[in-house]
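**Student:** A single structure is presented below for examination.
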Amino acid sequence: MALTLQHRSAVASTGQLSLDREDITFANITPELVRFEVTVCNDGPERSEPTFALLQAAPLGAFVPWQPLGIIRVAALEPGESFVLRTEGLSTRPAPLGPPDRVGPRQLLTALGAEDDRPKADTGTTRGLPRDLFQLLGQGNVHWAGNLNVFIGGKAVERHMAMALRVYPGRTNLAMFVVGSGADAYRFWLDGDAAKWDATLYDGTEQHKAIELHRDNVVAENRWIDVTSQRLMLLTLCPPLNAAEGKVDVHVAQRSTGQEAVVEFNLDPKAAGPGCYVVG
């Protein structure tokens, strides 16, 4: 099956089958088991042909390397009919490297790429998922934070999400994600209701510690940033004292491909788990 990429914010279609980013969902059903669901719909006037969907996973971020998650058969669908693809992945709980004020960015990026303690699985069994940034820093969330990529009909649609991430009103909260895998250029912009919580992006890769925030490392929106290697990006937020649930979408454009990815942070002051790191 030939596989090609399309613009990452667009809808994938296989003649008649359609899939959008919001049709991809994932959440933990146990502390170590993540369930993925992808809803595919036949929007065409005729019956679709049977096909296959290839699922891949990656650490939370944009334009980061993928690893296989599974291949699922998609049955023929009548016009207007939908089909839900389901699979599961194992989310290991690695020993934390340490708190963000003691862990260096390069140490964290190296740990994200390590595979020695991930579950090994043969085709047809539940696969291990990439490591969770928040778990590596002792800020484990109830739900695995990461990326899912769905190839279907030669096209790809992705979702990058940290779900039900706890925030602390009245304080500076810090979340993280990863961008890229080598030399390229990127530009960023934010939207969502929680972007009004003084949301600011920092490039944290060259710092001695993961949480060091300096004015000269603030990432200006809609400006191209040239990079030579994978980057650790920091997102800070200051929710008001009366903050309720909110969302920040970090849009990331890649100059070499012209593609765009969206890293989603769903934020909740009442969520379980440590969630964001409190800076101040």
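The values are calculated or read from the model by the stated rules, or taken from the named source; none is laboratory data. Please read all numbers here as calculations on a predicted model, not as lab measurements. As a convention, Cβ positions derive from the backbone with ideal geometry for all residues, glycine included, and neighbour counts pool all protein chains shown. Just so you know, the surface numbers come from the protein's heavy atoms only, side chains and all, with ligands and any DNA or RNA stripped out. Shrake-Rupley method; radii C 1.70, N 1.55, O 1.52, S 1.80 Å.
**Student:** Of the conditions (1) assigned to a loop (DSSP other than H, G, I, E, B); (2) under 13 Å from the mean Cα position of the chain (by Cα), R47 clears all except one; give me its number.
**Tutor:** (2)
**Student:** If N141 meets every condition in (1) touching a helix residue (DSSP H, G or I) at 6+ places or on another chain (Cβ under 7 Å); (2) over 30 Å from N242 (Cβ atoms); (3) at pLDDT 80 or above; (4) open to solvent by less than 30 Å² (accessible area, probe 1.4 Å) apart from one, which number is that one?
**Tutor:** (2)
**Student:** Do any strands (runs of 3 or more DSSP E) entirely within the range 176-280 hold 2 or more residues that are open to solvent by 30 Å² or more (accessible area, probe 1.4 Å), and if so, which?
**Tutor:** Of the strands (runs of 3 or more DSSP E) lying wholly inside the range 176-280, those with at least 2 residues that are open to solvent by 30 Å² or more (accessible area, probe 1.4 Å) span 184-191, 200-203, 225-227, 260-268.
**Student:** Before we move on, is P274 in contact with a Pro (Cβ under 9 Å, 6 or more places away or on another chain) and not aliphatic (A, V, I, L, M)? Outline the logic, then answer.
**Tutor:** Working: in contact with a Pro (Cβ under 9 Å, 6 or more places away or on another chain): no; not aliphatic (A, V, I, L, M): yes.
No, not satisfied.
**Student:** I want to confirm something. Restricting to the range 151-167 and keeping residues that are over 11 Å from L19 (Cβ atoms) and open to solvent by less than 20 Å² (accessible area, probe 1.4 Å), which single residue is farthest from the chain's Cα centre (by Cα)?
**Tutor:** G154
**Student:** Additional query: Looking only at the range 152-161, decide whether some residue is in contact (Cβ under 8 Å) with a residue 40 or more places away in the chain, within 22 Å of P274 (Cβ to Cβ) and charged (D, E, K, R).
**Tutor:** Scanning the range 152-161, I find no residue that is in contact (Cβ under 8 Å) with a residue 40 or more places away in the chain, within 22 Å of P274 (Cβ to Cβ) and charged (D, E, K, R), so the answer is no.
**Student:** State whether the residues of the range 32-54 include one that is more than 30 Å from M176 (Cα to Cα), of a type in the set (S, T, Y) and either without any contact (Cβ under 8 Å) to a residue 12 or more places away in the chain or open to solvent by 10 Å² or more (accessible area, probe 1.4 Å) (or both).
**Tutor:** Going through the range 32-54, the residues more than 30 Å from M176 (Cα to Cα) turn out to be 40-52.
Then keep just the ones that are of a type in the set (S, T, Y); that gives 48, 51.
Retained after the next criterion (residues that are either without any contact (Cβ under 8 Å) to a residue 12 or more places away in the chain or open to solvent by 10 Å² or more (accessible area, probe 1.4 Å) (or both)): 51.
Within the range 32-54 (the criterion being more than 30 Å from M176 (Cα to Cα), of a type in the set (S, T, Y) and either without any contact (Cβ under 8 Å) to a residue 12 or more places away in the chain or open to solvent by 10 Å² or more (accessible area, probe 1.4 Å) (or both)), the answer is yes, since at least one residue qualifies.
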